[in-house]
Amino acid sequence: MTARILDGQALAQDMRAELKAEVDRLQADHGIVPGLSVVLVGDDPASVSYVKGKRKAASEVGVHSVESKFDADLPQADLIAEIERLNADPTVHGILVQLPLPKGLDEEAALNAIDPDKDADGLHPMNLGRMIRGQDGYLPCTPHGVQQILVRSGVDVAGKHVVVVGRSTLVGRPLANILTQKGPGANATVTTCHTGTTDLAHHTLQADILVVATGVRNTVTADMVKPGAVVVDVGVNRIEDASRARGWRLVGDVDFDGVREVASAITKVPGGVGPWTITMLLYNTIQAARRAHDIG
């Protein structure tokens, strides 16, 4: 068996086309242009690259994207003041504070300062609480993207046993909650594991759908996957590769070459889950614009 590749890049492009059509309707029918503001502190290369990608994606779908750039020595009080300014700006519907912040800045305080109704990342405690209660809010982008990959690939999770390896508040915990909710694309039975789980393979071998998000290369190998399972690899790890001009390449948390011979379907790294984080960020921003103007 050689697994079907779940093409996250192509699926994300399909959804971005849908988002562009929605933005066009908002502008034509209501004169509204969804606005996303990104707060970037310091010059971390990965963060700068991510923000550049977000700006490009926003432009493609018609979301107005602006950036607030600051030096790494920005005082905490000034960071909170900038967030409060954006909270009060009616042209800004979604706010994202790019993480990680430089040392000395309180990330939790910054996230908590964002107006929950402008929380484009879906990480404000109020939105996480709404998620747990099954209420309307903004879902965390990466786990929501994982759900969309499954739905748009025709993978029915209802009644299935999903094993999530990873317990972070960015991916593992919210994903487990999302997939246990009642409704389309959910209603699964979910087991949450992590790198400290005793006999991890005992649990992963029971999974109809296996999602791996540990940040550790080769967390899951072929002998840990039930034949025919669907595998979603959220991890991104940089490894040396002398055959590449840049001297490195990206791999996930799953041994792709081995697992693809056991699984029925699998995502790649890169080109799997990655494009969905930005896509769902734009989705949240557009939803925030609709809600701000009371458009059903």
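The values are calculated or read from the model by the stated rules, or taken from the named source; none is laboratory data. Computed from a predicted structure; not experimentally measured. Note that each Cβ is placed from the backbone with ideal geometry, even for glycine, and that neighbours are counted across all protein chains shown. In case anyone asks, the SASA skips ligands and DNA or RNA and just uses the protein heavy atoms, side chains included. Shrake-Rupley method; radii C 1.70, N 1.55, O 1.52, S 1.80 Å.
Laid out as a table, the results:
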quantity	calculated
Stretchable slack from ASP89 to GLU108, in nm (0.36 nm times residue separation minus alpha-carbon distance)	4.6 nm
Surface per residue (accessible, 1.4 Å probe) for the range 141-222, Å²	42
FRET efficiency, ILE5 to ALA77 (Cβ-Cβ, R0 51 Å, nearest 0.05)	0.60
The range 211-280 versus the range 32-71: alpha-carbon centroid distance in Å	27
Antiparallel bridge percentage (DSSP; both residues within the chain; nearest 5)	10
Charge dipole magnitude, Cβ of K and R +1, D and E -1 - the chain, Cα centre, debye nearest 20	660
Rounded to 5, the percent of DSSP beta bridges in the range 202-282 classed as antiparallel	35
Length released on extending from GLU67 to ARG244, taking residue separation times 0.36 nm less the Cα-Cα span	60.5 nm
Of LYS20/LYS52; LYS160/LYS226; LYS118/LYS268; LYS56/LYS103, pairs whose Cα-Cα distance is over 25 Å	LYS118/LYS268; LYS56/LYS103
With every protein chain in place, the chain: carbon and sulfur % of accessible area (1.4 Å)	50
Residue-averaged 222 nm ellipticity for the chain, from DSSP H runs of 4+ at -39500 (n - 2.57), nearest 500	-12500 deg cm²/dmol
